[in-house]
Amino acid sequence: MRRIGIIGSSGSGKSTLARNLGEILHIDVYHLDQLFWKPGWVLATLDEQKQIQHELTSQENWIIDGTYSSTMDIRLKQADTIIFLDLPRLLCVYRVVKRRIQYRNQTRPDMGEDCEEKLDWAFLSYVWNFPKTKKPRIQNYLQNRKANQDVIVLSSLREIRIFLEKIRKTVQNR
């Protein structure tokens, strides 16, 4: 059984890491952005978000990416591995700006249907302030996790590359 929750700031690479892990481990990947955002940037209600996560986490194997701190405990309590992408905020801001340019007038593959890529000051502020406003809660959660849960904190692009290569080699040697 493999249940992996990936959390971190917007722009940290959660969806990319989830896709790569899914391919390597042959596990279904679920992007919360894709499941929570309805056409036209309408966010699912909190009850809908909880229901979606309960359905996903009832499966035997999964990789779920997304922080959504108001419901984070639902999936992380069920995860056997939690990966926290703790990348520098400047890199995350750069990546969300780059993503906006790359997907201009389009919907990203890991985003809800008909949610064209957008960027505003509120979102940039969220990303910039993530280390101050969201990271402490994540760190607290990780410190108080269940004893049988593995926690992996990746703080650089190099660490992510090394981690993925290690997983690839482990799978190949089985």
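Each value in this text was obtained by applying a stated rule to the coordinates, not by laboratory testing. Predicted model only: the values in this text are computed from it and were never measured. Heads up, the Cβs are rebuilt from the backbone with ideal geometry, glycines too, and the neighbour counts pull from every protein chain shown.
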> Amide H to amide H, which residues 5 or more places from W62 or on other chains are under 5 Å from it, using H placed in the peptide plane?
Replying inline: R2, R3, I4
> Can you list the lysines whose alpha carbon sits under 27 Å from that of K166, skipping same-chain ones fewer than 8 residues off?
Replying inline: K14, K77, K135, K146
> In terms of Cα to Cα distance under 17 Å, which lysines are near enough to K38, apart from those fewer than 8 places away along the same chain?
Replying inline: K50, K118
> Taking H as built 1.01 Å from N, whose amide H comes closer than 5 Å to the amide H of I83, not counting residues under 5 places away?
Replying inline: G5, I6, I7, I152
>> Against the 2.2 N^0.38 Å scaling, with N counting residues, where does the chain land? I'd like the Cα-based Rg ratio to two decimal places.
In response: 1.00
>> Whole-Hz ³J(HN,Hα) for each residue in segment 32-44, computed from phi via Karplus 6.51 cos²θ - 1.76 cosθ + 1.60 with θ = phi - 60°, x for glycine and proline: what do you get?
In response: 4, 4, 5, 8, 8, 9, 8, x, x, 6, 9, 7, 4
> Using mean Cβ contacts within 10 Å as the protection proxy, how do 145-158, 53-66 order, highest first?
Replying inline: 53-66, 145-158
> Sequence-distant or interchain residues sharing an amide H contact under 5 Å with R108, placed H: which?
Replying inline: E117
> Among L76, L25, what is the fewest-to-most ranking by other Cβ atoms within 10 Å?
Replying inline: L25, L76
> Cα axis of helix 89-102 to longest principal axis of the chain: angle in degrees, 0 to 90, nearest 10?
Replying inline: 60
> So how do L35, L119 line up by other beta-carbon neighbours within 10 Å, fewest first?
Replying inline: L119, L35
> Exposure proxy check: Y68, Y94 ranked by fewest other beta carbons within 10 Å?
Replying inline: Y94, Y68
> Gain in length, K135 to Q59, computed as 0.36 nm per residue apart minus the alpha-carbon separation, to one decimal in nm?
Replying inline: 24.6 nm
> What dipole magnitude, in Debye to the nearest 20, does segment 3-172 give about its Cα centre under +1 on Lys/Arg Cβ and -1 on Asp/Glu Cβ?
Replying inline: 760
